[in-house]
Each structure stands twice: as C-alpha cells, then as structure tokens.
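Written below as structure tokens is the structure these notes are about.
The values are calculated or read from the model by the stated rules, or taken from the named source; none is laboratory data. Owing to the predicted nature of the structure, the values given are computational and were not obtained by experimental measurement. For neighbour counting, all protein chains shown are included, and Cβ atoms are generated from backbone atoms with ideal geometry for every residue, glycine included. Side chains are part of the model used for accessible areas, which takes the heavy atoms of the whole protein and leaves out ligands, DNA and RNA. Shrake-Rupley method; radii C 1.70, N 1.55, O 1.52, S 1.80 Å.
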Amino acid sequence: MRMSCAVPSRLNILARDLLFVLCMNTVIAVSLNYGFQTGGTLVQNFVYSQLIGLSIWTLIDIPRVLIWWNDRPRRWPFMCLAVVAVPLGVVLGSWCTRELLDLPEKSPAATGDMLRMCLIVGMLASASMIYFYWSREKLAYLERQAALDALQREEAEKQLVRAQLMALQAQIEPHFLFNSLANLDGLIATDPRAARQLLQRLIGFLRMSLSHTRAEHCTLAQEFELLRSYLEIQGMRFGARLDYEIDLPPALADAEIPPMLIQPLVENAVTHGIEPCMRGGKIVLSAREGEGGSLQVLIADTGVGFCQSGKSGSGLGLTHVRERLARIFGAAATMQMEENAPRGVVVRLTLPLTRSTEPTIAPMRPAPEARPAPHAPVTPAVSRT
C-alpha cells in the first residue's frame, strides 16, 4: 500500500519539474535568438535549448528524486551531481540536436560558435534548475520547520496547562487542611469515632485529589465525588452551619471536564460565603445540559453574598479557573457570577459537552453520618442526588 502511494508522488514531482524546465528552455531559446544573437534560426535555438535543457534535467532531476525524493538535497553531493551532469547534458543535447535537425558538418569557426551557444544554454539551464530546486527545497524545509515549531508550541501550551493544574492543586486552600487537622486533633481526645471518620474522609479526599492531578480529564461524576468528600469534611467542621446538596443527572455522569476545575469555586463558596455567615448556609452543586450541546455547572450558596464578606481573598482560584477555561476551550466556555436570591452567590460554568469513552465513573455514594463532638456540634451533611 505504501509503494502504490509513493510512485505517483514521485511522478508528480518529476512532471512538475519537467513543466518548469520546458518553460525555462523556451525563455532561453528566445533570449539566445534575440538577445545574445549566437547565430542560427529561432527553430534551431529552440531545439538546442530544449534538448540540452532536457538532457541536463534528466541527468540531475531523476537521480535527485531517486536519491532524496522530496527532501532537501545535501549541498555538496548535489553540487557534484550538477558539475558532472551539465557537461554531459550539453554534449548529449548537442548530439541529439544535430541528429534531429540533420545539420551538416561545420567549419571550426562555426563549431566554436556552436559550442559557445551550447555552453551558454547549458549554463543558463543548469543555473535556473539549481536555483529552482534549491529555492523550492528550502521553502519546503522552512514549511516543515514551521509545522514542527507549531507542534512544539502546542506541546508547550499543554505542559503549561498541566503545570498550572499542579500549581492549583498545590494551593488547595491551606486553611482547609490546617483547620481539618486542628479539628482532628480536638476530636481524638473527645470523640475518637468521629476523629476516625474525619481521618478516613481526609485520606480519601487527598487520594482522589492526587489521582485528579495526574489526569488530563475526568468525568463529571468523578469531579462531583471529589467535591462531595470535600463538603463532608467541611460539614464535620461547620456542623449545622453547613448544608449542601449535589444534583447530578445520570445522563451527565459521563460528561468530560478538566479535573479540579470546580473545586476552587466550591472552596470560594465555603470560605467567602458560608464561613462569614453567622447562621451558616447551604451550597447547591448541580449540572444540566444547556442549549447547543453545552454543559452547565452551577455552584450556588446562601452565604453572605458579594458585599458582606468579612474576608478579602486574593482571587487566585477564580483567576486559575478563567485561565484554564480560556486555554482549554477558548471562547466556547464561559464563567458567570451573579447574586443568588434571597442571598448568596451563583457561579455558572458553561462548557462544551463531550462524553468520556472510558467506562470508569465513580459512584455517587451517600454521605456517612458523623457523631457530634462535645466541643464542636456536628450534624450529618445533607446530600441529595
């Protein structure tokens, strides 16, 4: 199969070069007849130019195609080929011209004129062919180099996205980990069973986070399962002040999204929405299919809202989300933030809807109950799927 594709390709190269040689030979014949005035009629100059040019082309181009095909010829081997082919092409073309036109033997002076004309034709034809080949192969080389540079830039952008993902994972809300460990330290002395449950959830959350960091994509079910673990841990810390609901339609469980994309938004809802609110609030995480084959993910909280939060964040998490959306999806993805009624904030992500081909979907497990600790009242986190 590969041979049948290679032969027509080489024939196309030879045919393209032959057309160029015929055109250049015609230009040379006209120049010789009206410019250089080397003697002979226009027909004789035309035949001389065509046969000498074709002879040189045959001795140069056919070996070049057979040896280098469509690659750029190596300089010194190609120059040696041209040095040998030009005089041989002049002699062969001159002999073919005399035989074709049945020209009589000429005097030494006429023979000298003819040799000068043949030499001029050979030099012009070889120079034009060498320039044509070298320019074309250099252009092809530059095009291949540009394509290679484009691939390298694309790979560099992918590496940058991976690095940003790893940096984002390394910046997972340090206060979340510190507060969880401090809560664990308090529960060890007062409620060992609740401490064990918190430790197990924290281990499971970190394990899932690590697998997400190493992946380039995940399903919406896997991302929601990671966020469920996160909210379970936060539920043990905030107790009755934090309620949450996760709504994932089964038809969207295999939807494919970049990993760790939603977590910064949920962390924002907890840190800047629920935590500053004395009476607490609720976080609703949901997904639905939008218009035009899009996926919409909503993170809604009933916290303090935009203007009442006592904490001033750096906005690093939101910046990461916006940059990743722009780099991965371009203008096809958007993130909108608006007030939630009667209080709180709603964040709406709109992404292209693509289905995962891997049948590895994490089950949406129910949240286990935790016993309340004496020093920190803990209530079971509410979860409805």
Legend entry - Local electrostatic count, Leu252, Cβ distance below 14 Å [Lys/Arg +1, Asp/Glu -1]: -4
Legend entry - Label-to-label distance, nm, for residues given as Leu206 and Ala326 (7 Å Cα→Cβ offset): 3.4
Legend entry - Gain on full stretching of the segment that runs from Val30 to Asp247 - 0.36 nm per residue minus C-alpha separation: 69.9 nm
Inset, instruction - Would you rank Leu18, Leu187 by solvent-accessible area, highest first, keeping every protein chain in place and using a 1.4 Å probe? - result: Leu18, Leu187
Legend entry - Heavy-atom SASA rank of Cys277, Cys80, Cys96 (probe 1.4 Å, accessible area, largest first): Cys80, Cys96, Cys277
Inset, instruction - Kindly report, to the nearest 10 Å², the accessible surface of Lys158 as traced by a 1.4 Å probe over protein heavy atoms only. - result: 100
Legend entry - Accessible-area ranking of Arg355, Arg343, largest first, probe 1.4 Å: Arg355, Arg343
Inset, instruction - Highest first, please rank the peptides 288-301, 327-340, 251-264, 46-59 by the mean number of other Cβ atoms sitting within 10 Å of their residues. - result: 46-59, 251-264, 288-301, 327-340
Inset, instruction - For Phe20 paired with Glu157, estimate the spin-label separation in nm (one decimal), with each label point 7 Å from Cα along the Cα-to-Cβ line. - result: 3.3
Inset, instruction - Calculate, in nm to one decimal, what Thr334 and Phe306 gain on full extension: separation in residues at 0.36 nm each, minus their alpha carbon distance. - result: 8.1 nm
